[in-house]
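I have a structure here, written as structure tokens, and I will follow up with some questions on it.
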Amino acid sequence: MIIATRSGTVGVDEAGTGIPVLLLHGFPHDRTLWAAQLAAPPAGARFIAVDLPGFGESESAGVPSLDAWADWTIGVLDALEIEQAVVGGLSMGGYLAFAIWRRHPKRVRGLILADTKAPADTLEGQQKRVAMQALAVTDGAGAIADAMMPGMVGKTTRSSRPQAVAFLDEMLRRQAVGAIHDALDALRTRPDSTPTLATITVPTLIICGDEDTLTPVKESDAMHAAIADSQLAIIPGAGHASCVEHPSAFNALLAGFLTARI
């Protein structure tokens, strides 16, 4: 469905009733990344998947920064009349979750950090973002999909789960070039969230595929060590898009965390 917020229209899908769980997708995805989670919400949970600014059916938010997107996300919660939610994000969605925690901690009931990391981009990483922006402008979203798909899924998925690979590839190819360009700005300029980790006081679930090469397990280990009230779960045979590659395992982790900790 499409909802109106103070920042414009936003694409949203919901499933289940109970504790609100806001699901934030990675780059360059849209809210359908969470289709398998919305298909099986655990009892007592209301899953809410949103298209981030410019992606899917959401309008651009203007300023391409994670801080601005954090305020934008709170506008989504306000439009849905949700005072407090568990905030879950994969990859870029995890970076956004950190920004939401820094700017609006009272709105966060818990955190789910999937296949993400705390550090900012290195200089080399920033340069790669700029090069990718140029690629998107000249060759379109298909070129971005070609560049990113080798790291988007793990080796096991590439060899044995062609439907998951095709699902993600199509998702990447349909995103707007403007959204890709703006998101790369937001990613390139994001602050180091490492100091943020020690400030997190809400229950936190950290998930990582053991074949994730973009945000490898060592990054999840570091987050787990720094967040006092956290648990770490590694999904065997999954890469960067673990919620798509092994949805049953991912869903079981969400259900266990929400039931036991939230």
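Can you tell me how many residues within the stretch 101-153 are exposed (fewer than 14 other Cβ atoms within 10 Å of the Cβ), of a type in the set (Ser, Thr, Tyr) and within 22 Å of residue 216 (Cβ to Cβ)?
Qualifying residue count for the region: 1.
Somewhere in the stretch 241-257, is a residue surrounded by 24 or more Cβ atoms within 10 Å (Cβ to Cβ), part of a loop (DSSP other than H, G, I, E, B), in contact with a His (Cβ under 7 Å, 6 or more places away or on another chain) and among the small types (Gly, Ala, Ser)?
No: zero hits.
Would you check if residue 67 is at pLDDT 95 or above, over 20 Å from residue 15 (Cα atoms), touching a Cys at 6+ places or on another chain (Cβ under 9 Å) and of a type outside the set (S, T, N, Q)?
Taking the combined requirement at face value, the residue does not satisfy it.
Please go through the stretch 2-45 and give me each residue that is in contact with a strand residue (DSSP E or B) (Cβ under 8 Å, 6 or more places away or on another chain) and at positive phi, ordered by number.
Those that are in contact with a strand residue (DSSP E or B) (Cβ under 8 Å, 6 or more places away or on another chain) and at positive phi: 16, 18, 44.
Give the residues of the stretch 185-215 that are without any contact (Cβ under 8 Å) to a residue 60 or more places away in the chain and within 26 Å of residue 141 (Cβ to Cβ), sorted by residue number.
211
Determine whether residue 157 is free of Cβ contacts under 8 Å to residues at least 40 places away in the same chain and in a helix (DSSP H, G or I).
Criteria not met by residue 157.
Quick test for you: out of 232, 254, pick the one residue that is among the aliphatic types (A, V, I, L, M) and in contact (Cβ under 8 Å) with a residue 40 or more places away in the chain.
On inspection, the qualifying residue turns out to be 254.
If I go through the stretch 1-25 residue by residue, how many of them are part of a strand (DSSP E or B) and hydroxyl-bearing (Ser, Thr, Tyr)?
2
Yes or no: residue 237 surrounded by fewer than 22 Cβ atoms within 10 Å (Cβ to Cβ), small (Gly, Ala, Ser) and touching a Ser or Thr at 6+ places or on another chain (Cβ under 6 Å)?
Spelling it out, residue 237 is indeed surrounded by fewer than 22 Cβ atoms within 10 Å (Cβ to Cβ), small (Gly, Ala, Ser) and touching a Ser or Thr at 6+ places or on another chain (Cβ under 6 Å).
If you take the residues in the stretch 183-226 that are hydrophobic (A, V, I, L, M, F, W, C) and in a loop (DSSP other than H, G, I, E, B), which one is surrounded by the fewest Cβ atoms within 10 Å (Cβ to Cβ)?
198
Related question: Please go through the stretch 209-262 and pick out each residue that is small (Gly, Ala, Ser) and either in contact with a strand residue (DSSP E or B) (Cβ under 6 Å, 6 or more places away or on another chain) or on the phi > 0 side of the Ramachandran plot (or both).
209, 220, 230, 233, 237, 238, 239, 242, 249
The values are calculated or read from the model by the stated rules, or taken from the named source; none is laboratory data. Computed from a predicted model, the values in this text were never measured in an experiment. Every residue, glycine as well, gets a Cβ built from its backbone with ideal geometry; the counts of neighbours run over all protein chains shown.
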